[in-house]
Amino acid sequence: MTATVEQVTTEGPAEPLRRDRRPRRSPLARREDRAGWAFVAPWVIGFLIFTAGPMIASLVLSFTDYQMIQAPRAVGLENYRELFDDPRVLKALSNTFVYAAMFVPLGTIFALVLAMMLQRVGRAGGFFRTAFYLPEMTPGVAAAAMFLLLLNGQQGLVNKVLGWIGINGPNWTADPAWLKPSLAMVSLWTLGGTVVIYLAALNGVPKQLYEAAELDGAGQFTQFFRITVPMISGALFFTVITNTIAAMQMFDQAYTMFYGPQQKAAASEESLVYMVYLFQNAFQFFKMGFASAMAWLLFVIILLITFLQVRIGNRYVYYHGER
């Protein structure tokens, strides 16, 4: 017993086991890591140069008075104070919110109806999928110019068709009460991507659920709200968020229809959306610092809206694999 104690005393305390040592990675794993970084490098470089860099530059410019003909001059929070003093900023924000409130629900319903119709098409499904998606590839300026002719109050095709059934169509592009609804109608042209997403989600709903519901006596209406909507709620949630972000940044349709070279005289405050006013401050009034502050205000607003949508929407979204 004494010898054992002396042996332990002379040898000292045992060295603790090193459990934090990571196993050495094989050369193949390291080569795969390098290959992965090589593949994502173009995106990372593009993001740093064309997204992160301009965002940092605009943040710096938002604290300056920069009119593009002289060096920026630091003004602190003056541009942000001017945001809340400028009535056109509040007007542009309210117009944008109204437009988004019209476009997002209307676009969601319209795209879902088209997707459900497309799901019932037989062999011609591929053709119609392509036909619905093609407008997504059309430049927004070209689409806005086309709808500017279609929605003309005197000679437009839309009002002519309405006249055939006894309806006196409004002056879509001149009546202040119809400017934002006309913008929402034009934006429906670009819902091809949303239709394709909804179609994929609808095709992923298990057919057994509908068969079981029919055996229980559920009608089409009940099946839609109790099976279809919950099962595609993830796709609905995603498109509502992306369409809301797109609506808050809508520019090309409004600028082409109401603020182009031929439409400037007829432009109304009711058609002034936020991005158009930002563009005017940056490239017409050359108030680059103020325009940068407007851009960051919009970024914060979109961030808050998205945060609220995620917090509220996650309560009603069904994710496959969850209990």
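How much accessible area per residue does the chain have, counting only protein heavy atoms and a probe of 1.4 Å, in square angstrom?
Details: 20680 Å² over 323 residues.
Computed with neighbouring chains in place, this is 64 Å² per residue.
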**OP:** Please give the contour-minus-distance gain from Met137 to Asp216: 0.36 nm per residue of separation, less the Cα-Cα distance, rounded to one decimal in nm.
**Re:** 24.0 nm
Original post:
Tell me, what is the FRET efficiency for Phe299 and Met68 to the nearest 0.05, using R0 = 30 angstrom and their Cβ-Cβ distance as r?
Top reply: 0.90
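If R0 is 41 Å, what FRET efficiency do you get for Asn203 and Ile45 from their C-beta distance, rounded to 0.05? Mind dumping the intermediate values first?
On the way: r = 37 Å, r/R0 = 0.90.
After rounding, the FRET efficiency stands at 0.65.
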Original post:
In what sequence, highest mean first, do 55-64, 210-219 appear when ranked by Cβ atoms within 10 angstrom?
Top reply: 55-64, 210-219
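Which value, to two decimals, describes the C-alpha radius of gyration of the chain once divided by 2.2 N^0.38 Å?
Numbers: Rg = 28.7 Å, N = 323, 2.2 N^0.38 = 19.8 Å.
Its radius of gyration relative to the 2.2 N^0.38 Å reference: 1.45.
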Original post:
What is the spin-label model distance, in nm, from Ile312 to Phe238 if the labels are put 7 Å beyond Cα along the C-beta direction?
Top reply: 2.2
Subject >> Other-chain or far-sequence residues with amide H under 5 Å of Asp65's (modelled H) >> reply: Arg73, Ala74, Val75
Subject >> Cα-Cα P(r), the range 125-210, percent of pairs per 5 Å interval >> reply: 3, 13, 17, 17, 15, 13, 10, 6, 5, 2, 0
Subject >> the range 62-214: Cα Rg divided by the 2.2 N^0.38 Å rule of thumb >> reply: 1.49
**OP:** Compute the Kirkwood hydrodynamic radius of the range 275-323, taking the inverse of the mean of 1/r over all pairs of distinct Cα atoms, and give it in Å to one decimal.
**Re:** 13.1
Subject >> Label-point separation in nm, Val161 to Arg31, each point 7 Å along Cα→Cβ >> reply: 6.1
Subject >> Kirkwood hydrodynamic radius (C-alpha pairs) into Stokes-Einstein, the range 167-250, 4 °C and 1.567 mPa s, D in µm²/s >> reply: 83
**OP:** Evaluate the range 38-144: find the radius of gyration of its Cα atoms, find its Kirkwood radius, and give the ratio Rg to Rh.
**Re:** 1.16
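Could you give the size of the charge dipole of the chain about its Cα centre, using +1 on the Cβ of each K and R and -1 on the Cβ of each D and E, expressed in debye and rounded to the nearest 20?
Values: 25 positive and 20 negative charges, 140 e Å.
That gives the chain a dipole magnitude of about 680 debye.
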Original post:
Against the longest principal axis of the chain, how steep is helix 125-137, in degrees 0 to 90 to the nearest 10, with axes from Cα atoms?
Top reply: 80
Original post:
Comparing Thr194, Thr51, Thr244, which has the greatest mean-square fluctuation in the GNM of the chain with Cα pairs linked when under 10 Å apart?
Top reply: Thr51
Subject >> Tally of Lys pairs whose C-alpha atoms are under 27 Å apart, taken over the chain, 8 or more apart or cross-chain >> reply: 8
**OP:** Could you please state, rounded to a whole Å, how far the C-alpha centre of the range 107-164 is from the C-alpha centre of the range 199-219?
**Re:** 29
Original post:
For the range 42-83 and the range 224-296, what is the separation of their Cα centres, given in Å?
Top reply: 21
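Rounded to a whole number, what % of the accessible area of the range 85-314 do carbon and sulfur atoms account for, probe 1.4 Å? Before the final figure, lay out each step's value.
On the way: 8270 of 11920 Å².
For the range 85-314, the apolar C and S fraction of the accessible surface comes to 69 percent.
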Original post:
More than 14 Å apart: what percent of Cα pairs in the range 217-256 qualify?
Top reply: 62
Original post:
By what distance, in whole Å, do the Cα atoms of the range 146-292 stretch along each of the three principal axes, largest value first?
Top reply: 64, 49, 21
Subject >> Spacing of the two label points (7 Å from each Cα toward its C-beta) at Met116 and Arg24, in nm >> reply: 6.3
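The values are calculated or read from the model by the stated rules, or taken from the named source; none is laboratory data. What you see is a predicted model, and the numbers here were worked out from it, not measured in a lab. Neighbour counts run over all protein chains shown; Cβ positions are idealised from the backbone, glycine included. Heads up: the accessible areas ignore ligands, DNA and RNA and are worked out on the full protein's heavy atoms, side chains in. Shrake-Rupley method; radii C 1.70, N 1.55, O 1.52, S 1.80 Å.
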